[in-house]
Structures are given as C-alpha cells and as structure tokens.
Amino acid sequence: NKLLAYDYLKGIKTGYTRNAGFCLAAYSHFDDLELITVILNSSAYHRDMDVQSLIYWAANNIKQVKLVDSQTPIETIEIGTYTRVKTDLYAADDITRMIHLTNNHVEVGHFLETEGGLPIEKNTEFGYVDVTVNGNNIARTSLVNSESVDGPFIYQDISVARQRRKIILLASISA
C-alpha cells in the first residue's frame, strides 16, 4: 500500500465488503498525536486520501494540553491569627488532557475550603482545583502548600549592596 511510504503511518489494514464498501483502518503517530483512524464505505481510490485528511485534521485541531501546572502558584494566602504568614498554594498534580483547540470551552477554577493556622506541614490541603470542559467537570486535584511553615520569621539583608540603607526604630515609652 502506498500509505506505508509515510513515516507517520505505523500500520494499516484494508478491506472490502458489499455492506461496508472499501475500508481502511490505520494507526498513526503524527505531531505527537497517536491515532487510530477508520474509514468505511469509501471508494478504492479515495480511502487513502480520506485517512490522510482525517490524520491532518486531527493534528491541526486536537492537542494534548497541560491545563493545570503543579509548578505554578495558583494563589497566595495568609495564615495565622495575630501574626500572618504568606504561603503559595499549588495544584497537587498536573492536569493534562487532549482537547479540541477551537470547539472546547475550558475553565479552571480553584476553591479554598480552609485557611488553617500555624504551623502547617508541607502538602497540607487547603481546597481543590477543578477543570471543566464544555460545562463537564473532567478533573480535580488538591490545592496544597509547597513547604512547611512553623511560624513567622524576620529576615534582614545586610549585604554590601544594602549598606547605605538606614534602619530607624521608633519606640514609645510611657512612664
């Protein structure tokens, strides 16, 4: 078969029956997209072109997309009662799905269920991240912090570049 000349086509099976006409099933790996394409009731001449058309259409319209990245902060919250400490919240897992690039409406939302108090352990769950495609919830992962926080701390940079900075302390003393 002439289709086997294309590197992206890994395997094919042709056939013919009176009811199904000329048929072709093809396995392809094109543009990082693995497809099984089935052509039914075509002509002997057109079935090769039909399978190529479907593969090219899929490669141009369907992509594997990372919808939620676990390495990117989703929100920064403050924790603590009197002294507040800021911590970034991340998705516990990446969410990657195959989507149609123009016809799918994708929404990513996050919801906080608790703020917690100090101290907090690494990967404490504060809520969740939901992904919906065309109004259907397709995935959920926890919303977590990426490091343990024992309590508030003070940090002062006293490097050479900061030597000219003045630090002024004001105190009120009552007798």
**OP:** Compute, for residue 12, the solvent-accessible surface of its heavy atoms (probe 1.4 Å) with the complete set of protein chains present, and express it in square angstrom to the nearest 10.
**Re:** 50 Å²
**OP:** With a 1.4 Å probe and every protein chain left in place, tell me how much accessible area residue 107 has, in Å² to the nearest 10.
**Re:** 100 Å²
Original post:
Could you name the lysines in cross-link range of residue 10, using Cα to Cα under 22 Å and dropping any fewer than eight places away on the same chain?
Top reply: 2, 63
Subject >> Accessible-area order (highest first, 1.4 angstrom probe) of the listed residues 70, 43 >> reply: 43, 70
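The values are calculated or read from the model by the stated rules, or taken from the named source; none is laboratory data. What you see is a predicted model, and the numbers here were worked out from it, not measured in a lab. To get the accessible areas, we keep the full protein, side chains included, count just its heavy atoms, and leave off ligands, DNA and RNA. Shrake-Rupley method; radii C 1.70, N 1.55, O 1.52, S 1.80 Å.
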